[in-house]
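Sharing a structure with you now.
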Amino acid sequence: MGQDGLDATLARIARIPFRAKFHLRPREREYVALRGMEAVRRHARELIDTRLAPARPAKDGRQTPWGGHPVFRGQHATATCCRTCLQINHGIAKGHELGQREREFVVALICRWIEKECRAGPGSLPAPPPGLF
C-alpha cells in the first residue's frame, strides 16, 4: 500500500473518537528525534513480530502498553494494538499468523502515523482532556 492508501486509512481511523485522542507525547517525540525513523521502524517490526503477529498472541487485547514508546502510541492510534482491533478496523482475521504483507501493512501504517505526528509538531495538537491517560 502506498502513502496515499496509508493516509486514507489513517483518515478513516481518525474519525473514530477513541483513536483520534492519541498523539505522541513529548518524550515519545524526543525518542523519534534522537533515534530516527529507521530505528523506530525496526522497533515496530520487532514489536509486531513478537506481540501481534502470532496466531494467538499472549495476552491478546492487553499486550500493548498505552505509551512509553512511539510504536505503542501508534498502535492504539491506528487500531493495530491487538488482533480484535485488527479484525474490526482492518479486516485482518484472528486465528492465523500474520503474513509478511499484513506485517508490512501494520508497520507502515504505524510509522506513517508517527511521521505525521512528528511533522505536526507539539503546538499544533489539542491538549488531551484532563485525566484521559
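Checking the structure you have, find out if any residue of the range 17-25 is open to solvent by 50 Å² or more (accessible area, probe 1.4 Å), in contact (Cβ under 8 Å) with a residue 24 or more places away in the chain and assigned to a helix (DSSP H, G or I).
no
Report yes if residue 7 is over 20 Å from residue 116 (Cα atoms), part of a helix (DSSP H, G or I) and open to solvent by 20 Å² or more (accessible area, probe 1.4 Å), otherwise no.
No: the conditions fail for residue 7.
Any idea which of (1) at pLDDT below 95; (2) open to solvent by less than 30 Å² (accessible area, probe 1.4 Å) is the one residue 127 doesn't satisfy?
For residue 127, the exception is condition (2).
Specify the residue that is modelled with the highest pLDDT; the eligible residues are those in the range 66-77 that are within 15 Å of residue 19 (Cα to Cα) and surrounded by fewer than 18 Cβ atoms within 10 Å (Cβ to Cβ).
The residue in question is 66.
Pick from the range 87-116 the residues that are within 17 Å of residue 61 (Cα to Cα), in contact (Cβ under 8 Å) with a residue 40 or more places away in the chain and among the hydrophobic types (A, V, I, L, M, F, W, C): which of them is surrounded by the fewest Cβ atoms within 10 Å (Cβ to Cβ)?
The qualifying residue surrounded by the fewest Cβ atoms within 10 Å (Cβ to Cβ) is 98.
Separate question: Checking the structure you have, find out if any residue of the range 63-77 is among the polar types (S, T, N, Q) and assigned to a loop (DSSP other than H, G, I, E, B).
yes
I'd like to verify a number: residues in the range 78-97 that are in a loop (DSSP other than H, G, I, E, B), of a type in the set (Ser, Thr, Tyr) and in contact with a Lys or Arg (Cβ under 9 Å, 6 or more places away or on another chain), how many?
1
Any residue at all in the range 78-85 that's among the basic types (Lys, Arg), crowded, with 21+ Cβ neighbours inside 10 Å and over 10 Å from the mean Cα position of the chain (by Cα)?
Yes; the residues of the range 78-85 include at least one that is among the basic types (Lys, Arg), crowded, with 21+ Cβ neighbours inside 10 Å and over 10 Å from the mean Cα position of the chain (by Cα).
Further, regarding this structure: Looking at the range 44-59, which of the residues that are buried (at least 18 other Cβ atoms within 10 Å of the Cβ) and assigned to a loop (DSSP other than H, G, I, E, B) is farthest from the chain's Cα centre (by Cα)?
Here the answer is 57.
The values are calculated or read from the model by the stated rules, or taken from the named source; none is laboratory data. Being a predicted model, the structure only gives us computed values, none of them experimental. Every residue, glycine as well, gets a Cβ built from its backbone with ideal geometry; the counts of neighbours run over all protein chains shown. Ligands, DNA and RNA are excluded from the accessible area calculation, which covers all protein heavy atoms including side chains. Shrake-Rupley method; radii C 1.70, N 1.55, O 1.52, S 1.80 Å.
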